[in-house]
Amino acid sequence: MAEKLLNTSVPRHIAIILDGNGRWAKKRGLPRTAGHKAGAKAVEKICEEAYNAGVEYLTLYAFSTENWSRPADEVNMIMNLLRDYLSDSLNNAKKNNMKIRVIGDRSGLSKDIVDKIIETEEASKNYTGLKLQIAINYGGQDEIVRAAKKISEKVKEGELDPSDITKDLFENYLDTAGIPAPDLLIRTSGEQRLSNFLLWQLAYAEFYFTDVLLPDFGKKDLAEAIKCYSQRDRRYGGVKQ
Ligand code: IPE
Ligand code: IPE
Ligand code: MG
């Protein structure tokens, strides 16, 4: 694995907007919930394949702060899938040596889900394989506002001075503190928008949009995205020598 990680053509961190479950189900005359189940299956494979490809960090958008506006039965079903996923993740993390972290606002989640998140993070914290971040009740704007509130509290308590606030300090108050910014953002199913995902962290990411729906997204599609990334010229505002 070590020599794979040295290959700079493989993104160190991939973020994915998991989209298209509803359309996948509709095409087959199935309920949207069947699409979410199929999407969850695809996610397991994506984690394995990303790690095999030499990716170090994978961040997946599973449920946004805006997704609460969906019909209650769909929201409940997604929450149940997340419950199952988190319950299985203890075994999955062990099997695949994955370190799992959940980002997003936990205060809006049911207590049993929060308990499962804490348990999973604690149990997997020393695993040294893929670092998997799952975004649940996550919104980029919400994350930035929460960070600003935490910093303001510190200033109010006299623990920080406004002049201490730098880009690096601000990043330490985001949910992704300590995690390098994504190199590549993938969105499945044809939409070309961020839908409030990692607004701060994606400042210099390369974007890759594919029409493939999440439940159909597999090894070949991931390889295609990585290949496309390897051909990009990242300049970060500079000029090429
Ligand atoms: C992504 O699939 C899953 C979540 C946002 C939770 P969608 O449910 O958004 O699928 P489409 O966009 O309706 O096809
Ligand atoms: C973005 O997908 C949120 C997640 C993948 C969790 P949506 O399907 O909710 O986004 P919009 O509504 O197309 O912008
Ligand atoms: Mg969608």
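The values are calculated or read from the model by the stated rules, or taken from the named source; none is laboratory data. Predicted model, so just to flag it, every value in this text is computed and none were measured. Every residue, glycine among them, receives a Cβ derived from its backbone with ideal geometry; neighbour counts consider all protein chains shown. Remember, those area values only see protein heavy atoms, side chains included, never the ligands or the DNA or RNA. Shrake-Rupley method; radii C 1.70, N 1.55, O 1.52, S 1.80 Å.
Can you name every residue in segment 12-29 that is within 16 Å of ligand 3 (Cβ to nearest atom) and not small (Gly, Ala, Ser)?
Passing the criteria: Ile16, Ile17, Leu18, Asp19, Asn21, Arg23, Trp24, Lys26, Lys27.
Would you be able to say whether some residue in segment 133-143 is in a helix (DSSP H, G or I), open to solvent by less than 30 Å² (accessible area, probe 1.4 Å) and either within 13 Å of ligand 2 (Cβ to nearest atom) or aromatic (Phe, Trp, Tyr) (or both)?
Among the residues of segment 133-143, at least one is in a helix (DSSP H, G or I), open to solvent by less than 30 Å² (accessible area, probe 1.4 Å) and either within 13 Å of ligand 2 (Cβ to nearest atom) or aromatic (Phe, Trp, Tyr) (or both), which makes the answer yes.
Can you spot a residue in segment 31-48 that is open to solvent by less than 80 Å² (accessible area, probe 1.4 Å), at positive phi, within 10 Å of ligand 1 (Cβ to nearest atom) and at pLDDT 95 or above?
no
Could you tell me whether Ala205 is under 30 Å from Lys27 (Cβ atoms) and either aromatic (Phe, Trp, Tyr) or touching a Gly at 6+ places or on another chain (Cβ under 6 Å) (or both)?
Answer is no for this residue.
Considering (1) among the small types (Gly, Ala, Ser); (2) part of a helix (DSSP H, G or I); (3) under 18 Å from the mean Cα position of the chain (by Cα), say which one Ser163 fails and leave the rest.
It fails just one condition, (3).
Going through Ala72, Ala25 one at a time, which residue ends up being open to solvent by 50 Å² or more (accessible area, probe 1.4 Å) and farther than 20 Å from Gln133 by Cα?
The conditions single out Ala72.
Just to be sure before I move on: is Phe170 among the aromatic types (Phe, Trp, Tyr), within 16 Å of ligand 3 (Cβ to nearest atom) and closer than 24 Å to Ser64 by Cα in the structure I sent?
Taking the combined requirement at face value, the residue does not satisfy it.
If you take the residues of segment 177-211 that are within 16 Å of ligand 1 (Cβ to nearest atom), part of a loop (DSSP other than H, G, I, E, B) and open to solvent by less than 40 Å² (accessible area, probe 1.4 Å), which of them is farthest from Asn137 (Cα to Cα)?
Among them, the one singled out is Thr210.
Mind checking which pairs have a first residue in segment 51-75 that is within 16 Å of ligand 3 (Cβ to nearest atom) and a second that is basic (Lys, Arg), Cβ under 8 Å, 6 or more apart or different chains?
Glu74/Arg32
Residue check: is Ser87 touching a Lys or Arg at 6+ places or on another chain (Cβ under 7 Å), open to solvent by 20 Å² or more (accessible area, probe 1.4 Å) and within 25 Å of Leu109 (Cα to Cα)?
Against the criterion (touching a Lys or Arg at 6+ places or on another chain (Cβ under 7 Å), open to solvent by 20 Å² or more (accessible area, probe 1.4 Å) and within 25 Å of Leu109 (Cα to Cα)), Ser87 qualifies.
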